[in-house]
Structure formats: C-alpha cells, structure tokens
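Worksheet: the structure to be examined is printed underneath.
The values are calculated or read from the model by the stated rules, or taken from the named source; none is laboratory data. Note that the structure is predicted; figures quoted are calculated from it, not measured. All Cβ positions, even for glycine, are placed from backbone atoms using ideal geometry, and neighbour counts span all protein chains on display. Remember, those area values only see protein heavy atoms, side chains included, never the ligands or the DNA or RNA. Shrake-Rupley method; radii C 1.70, N 1.55, O 1.52, S 1.80 Å.
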Amino acid sequence: MNESWRSRLNAEFDKPYFAKLVAFVRHEYASGTCYPPGSKIFNAFNSTPFESVKVVILGQDPYHEPGQAMGLSFSVPQGTPLPPSLRNIYTEIRNELGVEPPSSGDLTRWAEQGVLLLNATLTVRQGQAASHQKQGWEIFTDAAIRLLATEREHLVFMLWGAYAGAKAQFIDPQRHLVLRSAHPSPLSASRGFFGNHHFQLCNDYLLSHGQQPIVW
C-alpha cells in the first residue's frame, strides 16, 4: 500500500478486526478463486496517494466474474467489455459534457488524476456477489473515508445508491461537496442517476477551489 495511506491507516492494521480479516481473506484465496488478484487488492490506494485525492467514487464490492476486477471501483482492464454500470456512467458523461469517453473501461486514467475509486469491500469470491461483506473490510474503508473527510478540504464525494449514500454521515458538507444519486446499475439508473450532472458539478467545484478539473 502507498506509504501516504499506510502511515495514516497504520492503527487499523493493529486492531483485532483486521487480524481476523486478513485470516479470512487468506483462507478464501487459498480455498478458491477470488477477485481481484492479490496484488491488486489495494490498487485504489496505490493508484491515488492520500495527498492527491480530489474526488472519491465509492463502489460496493469488486466485480465477481473472471477478468473484470482490478481493485478500482467500476473499472475493468483494457480490452474487457464494459459492465452495465460502467456503460451507464459513460452515457452520463457523454450526455453531460458532450464528450465521447474512451472505449476502454480501465479507469486508471481517472485514478492518476486524483479520483479515488474505492470499493467498500475490497475482495470477493468468484461468482458470489457480496461474499466478503461484513468481514471487516467496511470498517477499514470507512476509516479511509473518515481520514479524507477530516484531514482534507474541498473534496468531491460521489455517492451513488443507498449503500454509498450512507457514507455521507462521515462527511461535513461544509468542507466538501457531497453528490448523491441513484446507482448507475441498469436496475436504478433511470431513477435518478441519468441526469444527475455529477461530473459537471464535480469539475465546477474543483475549478472554484483552484484545482484542475478531471478529464473524464
């Protein structure tokens, strides 16, 4: 994990819940196929150092089918077909900004600009969505969100869906921009994700605080 995060999250590593979490994850990876690959579990933290974060996009847990999960929420490796939620995200970007997103679903380019693509749960068993929830990951990632909310200023938090929206309780809306809407999943995108203008609102906010906008 990038040292800027490791030093701030160090206290979490010493807590009993984290020891149990590590034991659980090791057993799961030894017992069957899990995602993302072990080297990519902390990819979000490695790709976007603490001081570089401008925007947080929170997902729930990694993709659970082969070849998709890469440790960045909503992102898939170069050459992988776009999952439905990411396809809807690209549609909203196109509609809002009038730009054509790249064909690739690899969002590393966002992470390198300061977009923390964080899943609340960082691992999952193949073919079993939510299989690693409530094992301790959420405590760990909540700690990361709290750190950003308290130690940084003028960040943009994009919270899509009820699960992500619940994290708003950790964030002072006087210090940060909190954007909430329906999730981009096909089951809910038409109920408030499409037309949410989050990508434009994000860039307007960053510009108003002297920061470079994100090239979505």
Where a residue in segment 184-196 is at positive phi and its partner, wherever it lies, is part of a loop (DSSP other than H, G, I, E, B), with Cβ under 6 Å and at least six apart:
GLY192/ALA182
Check on ALA166, surrounded by fewer than 21 Cβ atoms within 10 Å (Cβ to Cβ) and at pLDDT below 95
yes
Only residues in segment 57-70 that are closer than 10 Å to ASN119 by Cβ count as the first member; pair them with residues that are aromatic (Phe, Trp, Tyr) and in a strand (DSSP E or B), Cβ under 7 angstrom, at least 6 apart or cross-chain, and list the lot.
PRO62/TYR35; TYR63/TYR35; ALA69/TYR35
In the set ILE57, ILE89, ILE93, the lone residue that is closer than 24 Å to LEU155 by Cβ, among the β-branched types (Val, Ile, Thr) and either touching a helix residue (DSSP H, G or I) at 6+ places or on another chain (Cβ under 7 Å) or in a loop (DSSP other than H, G, I, E, B) (or both) is ILE93
Unique residue being among the β-branched types (Val, Ile, Thr) and within 15 Å of the chain's Cα centre (by Cα) when the list is THR80, THR108, THR91, THR150
THR108
Subset tally (residues that are of a type outside the set (Val, Ile, Thr), touching a helix residue (DSSP H, G or I) at 6+ places or on another chain (Cβ under 7 Å) and either open to solvent by less than 20 Å² (accessible area, probe 1.4 Å) or modelled with pLDDT under 95 (or both)) for segment 140-163
7
Cross-chain or 6+ apart pairs with Cβ under 7 Å, segment 22-39 first and under 20 Å from MET70 (Cβ atoms), then of a type in the set (D, E, K, R)
GLU28/ARG125; GLY32/ARG125; CYS34/GLU28; CYS34/ARG125
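Residue by residue through segment 173-201, note down the ones that are under 25 Å from LEU148 (Cα atoms) and in a helix (DSSP H, G or I).
In the first step, residues of segment 173-201 are kept if they are under 25 Å from LEU148 (Cα atoms); the result is 173-184, 193, 196-201.
Listed by number, the residues that qualify are HIS198, PHE199, GLN200, LEU201.
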Between a first residue in segment 163-179 that is among the acidic types (Asp, Glu) and a second residue that is open to solvent by 60 Å² or more (accessible area, probe 1.4 Å) and not in a loop (DSSP other than H, G, I, E, B), which pairs have beta carbons less than 9 Å apart while being 6 or more apart in sequence or on different chains?
ASP172/THR150
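Would you check which residues across segment 98-113 are surrounded by fewer than 16 Cβ atoms within 10 Å (Cβ to Cβ) and modelled with pLDDT of 95 or more and list them?
GLY98, SER104, ARG109, GLU112
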